[in-house]
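Heads up: the structure comes next, in structure tokens.
Just so you know, all these numbers are worked out from the coordinates, no wet-lab data involved. Here the structure is a predicted model, which means the values were calculated and not measured. Every residue, glycine among them, receives a Cβ derived from its backbone with ideal geometry; neighbour counts consider all protein chains shown.
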Amino acid sequence: MKLSFFITLITCLQVSATAYSQRSRVTLNVSEVKLMKLLKLVEKKTNCRFVYNDDAIAPDLTVSVNVNDEPVETVLSTVLSNTGLTFRLLKNDLIVIAPVNTVIQELMVQGKVTDKNGTPLIGVSIKVDKTGKGTISNERGEFKLEAPGTANLVFTYIGYQQMVIPVNNRTTVDAVLTDDTKGLSEVIVVGYGVQKKASLTGSVATVSGKDIRSMPVANLSNTLAGRAPGIIARQNSGEPGNDGASLSIRGKSTFGYNSMLVIVDGIQRNFNELNPADIETISILKDASSAAIYGSRAANGVMLITTKRGTSGVPTISYNGYAGFQQPTIRMKQLNGVQYAEMYNAGLAANGQPARYSEEDINTIRNNPDPLKGLANTDWWKTTMNNAAMQTQHDLSVRGGNDKAKYYVSIGYLDQNSLYKSTNYKRYNIRSNVDANIGKHLVASIDLAGRLERRTGPGLDAGTIFNTIVRASPLDANFYANGLPGGTTGGRNPMLDATESGHRQQDWNTFQSNFALKYSVPGVEGLSIKGVAAFDKKMLYEKQFSTPYSYYKYNASTKEYDKITRAGNINLTQNSEQQAGITTQAIVNYIRSFGKHDVDGTLLYETYNYRMDKMQAYREQFDSPLLDELFAGSKSGLNNDGTADVYSRAGVAGRFNYAYAHKYLLTATFRYDGSLSFASDKRWGFFPGVSAGWVVSEENFFKNNVRTVDYLKIKASYGQLGNDSVRAFQYLPSYYAGSGSGITSVYIIDGKPYNGIFSAGYPNQSIGWEIATTTDIGFETSLWNRLLTLDAGYFYKRTSNILRPRTASVPGTFGEQLPFQNVGIVDNHGFEVEIGHENRIGKVNYNARGTFTFARNKVIFMDEAANIQESLRQTGRPFDQYTGLVALGLFQSEEEIKSAPKQYNFQPKPGDIRYADINGDGVINDQDRTVIGRSKVPEVVYGLNLGASWNGFDISMLWQGATNFNTYISAELAYPFFNISNPMTYMLDYWTPDNRGAEFPRPVINGNANNLKASSFWLRDASYLKLRSLNIGYTLPAGWMKQARIQQARIYVAGTNLLTFSKLKGLDPEVPSDTRGYYPQQRSVNIGVNLTL
């Protein structure tokens, strides 16, 4: 039987008897039973404990015995005869079984327990295998205990692999424990420090840098969906340089700012443009206890990102590079010329109008398109867009060091093209993280990072270009036979929008720096003092030069091509912006173990000061499109503007961790923060947090009775967090100069205009912190020697003091713009699960990890107007639910219309939408509006990470999905010919007398007011499942690379967003609601190489 079985079963038993085994008597009657099973049976019937090596007893050795109330010594003499085994009685009912002629003696064994670096380990459990005898190591890692010379010593310590060492009749046995790489020793980055996973009591999720790098994307935010429980991600655009996902932790819990706080290397920073190759780990602090130490702005959770640092050893050079292409996940397909003409005729017929396109016209479009007659068959998407957009990224780093200094240096380059030729995004990253020992007690760290970003494009933004495609008729010519560009009915040409509308350049230059000194106080073990200063600067230079372009229209009467120039004149807008932030931190940390007691305390003081300055200049009426400088524009058409912003905060924070015997865990945190956003008497907020954990699996009663569970920890936390992300200085009177909020104030004095000054709103001197109070309870466990791991928890969060206007208690005749006040209350609750499995079968290693999050919010109070319809009241309902009429389907006949309630003053016809009479008054009007569908934020998100490796081959994939949310299609995405648009192909399923079960109403040219009402008819289930990432690689054999002095070489093929499963037709399920034109989400395929030298 395996040794681990007996360790779990026996070592927790407490033996207090002092009599020798010959005083124990036993009755047995067994035949042909395995010897080890017989010994187990004797242990159950007596106080005896047997000590032996597994190798000494053959697993198939069987014995028989029939005794009645005989001494154990007599029984053993009978049983062990002719087996080659003997026994010896020791003190405390210990019986040693060993081969004949083995010297059996009880020894006083001593030794020392350390980690791989030679650091003494305090509180390690050392037990004599298969007995209750044991001790723990002292503060120097030393131990001493009596043990039989043939016994095994079992060393157990949370966070380290269990070790079994034979005594072999030695009196000195030392042990070097190895980190438990399967999870419990994993070091988790927490606020202003680190903790081992085994000692965590809060709700903290982690994502490794390796997982991040397995998904080759330009924006770091797109790597997190599905990787950690609690993270809700939604990517609304695929535009290069602007394709980041919006992220939240556990959904939405406030009316205002819902984004998480992001900390990079201890400093609040933006992380979207970080180089993924520089990431070491990401920690997500979800509960109040974990995040409370950040106080200010931590109400929506905290993401901690740690970049790579140097390591001792020879320098390691790493290169990762890939090249590939991007394409839309789902391309919006519009009607071709024939479909357009036929559907247009149907729309006219719905109004009783004659057809615009004859059968001859339609045949012309189908067989021989004639742009001169307005009968082209143009695919404007193909005219404007490339089939794919190329992208490439290259990263090079050097990592190394010694006992004096350690370093990590990297450079990175990203080049990403767009679907249309004139747009590109380039990013250059550089980073240097250096740690140096100055003397024996002082460590200096200097981190420097720079980033250069350049976004280039046409004079019009992506939304305008894609909207122009949507509105372009396929019957209009893209080019005439003579090569002249044509135009659309709407007076534009999307291809020229993308190539001839001017140019735009946006440069962001970012510098980040951390300077730190850490002093370990001599004479006070475990005490250190650290000072940190960080300076960040971000600079924007932006130039947008807009030039009207010309296209041509064929004039049938003159048989000439009329040149048409877009309205407007050449104009230039230039922006410059500077952002600077300075952070200072003073941190005192004390960590020490006293026997079974582990303490860890942190106290810090932090300040942050930020300033932004922005200027804008505008000129128009340029004489030439070749000179895009301000001086070349007219002084009569100029405009200058500028603004500034400041923000400051300061705070004191602390955390205290205590653990007893690695079983009972306690963490207390606090933050006392002051923010410039509030008046002096409301400026400071106190945010406490407390959490506790109980490692049940370390209890003797658990070890003795539960064999399949390796580890079980129950944890709970409670705390408060703050949010000061509101418009600053609302406690002061504010004014508009000249114009603002749709009002213009100009005075004429002596014939000259002067800007007037008028109130921008009533001040609120009582404005204060938004408070989030959170409770978490959960557990972590592992089973079957960590074959299965599970981390699950429930959370409840109440956000109060949310800034909302007093629309109910203050009349609208007040005469002043009302201030926002701390009156809103929102609840958010749900649960999270993370389950993992890893194993090896033969040469195949495989792993699987699933994540699941459910989060549902509810508005508790928002001071709604007293006369609001009950059906539209948000109180008591989730955030962001859609409102409108309830659609019952489509009218099928005139008789049905006559028998139905009158719908406003409309005159619906068969094929139009029928609405429900919610209030039962016999009329459909605005009083029948109600809450329809779900929120636009998913309540359920989940992910499945799969991986395997075999003989150098490896594969990993990430599936991610979301459900319990809706999207609302409208405008050009829902209504045929809306704003002269070309309908989507999914609209072809429209109502006719022969297609009564159609998905869409009858098409009507120039719109149909009945069908345009906001209603559940246009609400769609946006649930989806996506293959977010697939990475297949092969690591070349080391022997092949040895001559080239390459440590490792891996080639791979990787893809993102390769598959999408959704009920939403023709659109990506992450399409932003109520959109008309947007840059679609992208799938990518890349080929790359990883090299380590």
Practice task
Take residue 613, project a point 7 Å from its Cα along the Cβ direction, then tell me which residues of the range 560-579 have their backbone nitrogen under 19 Å from it.
Solution key: 574-579
Problem - Extended-chain gain in nm, criterion 0.36 nm per residue less alpha-carbon gap, residue 792 and residue 656 - result: 46.5 nm
Practice task
Report the net charge of residues surrounding residue 317, where surrounding means a beta-carbon distance below 13 angstrom and charges are Lys +1, Arg +1, Asp -1, Glu -1.
Solution key: +1
Practice task
Post the alpha-carbon centroid distance, the range 488-530 to the range 97-140, in whole angstrom.
Solution key: 54
Fill in the blank from the handout: The lysines whose Cα lies under 16 Å from the Cα of residue 37, excluding any fewer than 8 residues away in the same chain, are 2, 45, 130
Completion exercise
Computed from the beta carbon distance with a Förster radius of 45 Å, FRET efficiency for residue 359 and residue 1036 to the nearest 0.05 stands at 0.10
Exercise for the section: Could you list the trypsin sites (Lys or Arg not before Pro) in the range 40-127 that lie in coil according to DSSP, counting only those with at most 14 other Cβ atoms within 10 Å of their Cβ? Expected result: 91, 116
Practice task
Could you state the angle between the C-alpha long axis of helix 35-45 and the longest principal axis of the C-alpha atoms of the chain, as a value from 0 to 90 degrees rounded to the nearest 10?
Solution key: 80
Handout entry: With Cα atoms, 0 to 90° folded angle of helix 337-350 axis to the chain main axis
Key = 70
Exercise for the section: Just need the relative contact order of the chain here, percent rounded to a whole number, with Cα pairs under 8 Å and 6+ apart. Expected result: 10
Practice task
Give me the number: length gained by fully extending residue 963 to residue 672, i.e. 0.36 nm times residue separation minus the C-alpha to C-alpha distance, one decimal in nm.
Solution key: 100.9 nm
Handout entry: Taking the range 630-701 and dividing mean pair separation by its residue count, relative contact order in percent (alpha carbons under 8 Å, at least six apart)
Key = 27
Exercise for the section: Would you give the gap between the C-alpha center of the range 371-449 and the C-alpha center of the range 924-954, rounded to a whole Å? Expected result: 29
Exercise for the section: Work out the FRET efficiency for residue 860 and residue 699 from their Cβ-Cβ distance, taking R0 = 35 Å, and round it to the nearest 0.05. Expected result: 0.30
Problem - Calculated diffusion of the range 854-993, Stokes-Einstein form, Kirkwood radius summed over Cα pairs, 4 °C and 1.567 mPa s, µm²/s - result: 67
Practice task
Give me the number: length gained by fully extending residue 565 to residue 953, i.e. 0.36 nm times residue separation minus the C-alpha to C-alpha distance, one decimal in nm.
Solution key: 133.8 nm
Problem - Computed over the range 19-159, Kirkwood Rh from alpha-carbon pairs, angstrom - result: 16.5
Problem - Span from the the range 995-1021 Cα centroid across to the the range 538-602 one, whole angstrom - result: 38
Exercise for the section: Considering Cα pairs under 8 angstrom that are at least six residues apart, work out the relative contact order of the range 798-928 and quote it in whole percent. Expected result: 18
Practice task
Would you mind counting up the charge near residue 401? Only other residues with Cβ under 13 Å from its Cβ, with Lys and Arg at +1 and Asp and Glu at -1.
Solution key: +3
Problem - Quotient of C-alpha Rg and 2.2 N^0.38 Å, computed over the chain - result: 1.16
Problem - the range 235-338 shape via C-alpha gyration tensor axes, a/c threshold 1.5 - result: oblate
Completion exercise
Output row, site residue 632, 7 Å Cα→C-beta label point, backbone N cut-off 12 Å, window the range 560-598, residues 570-572
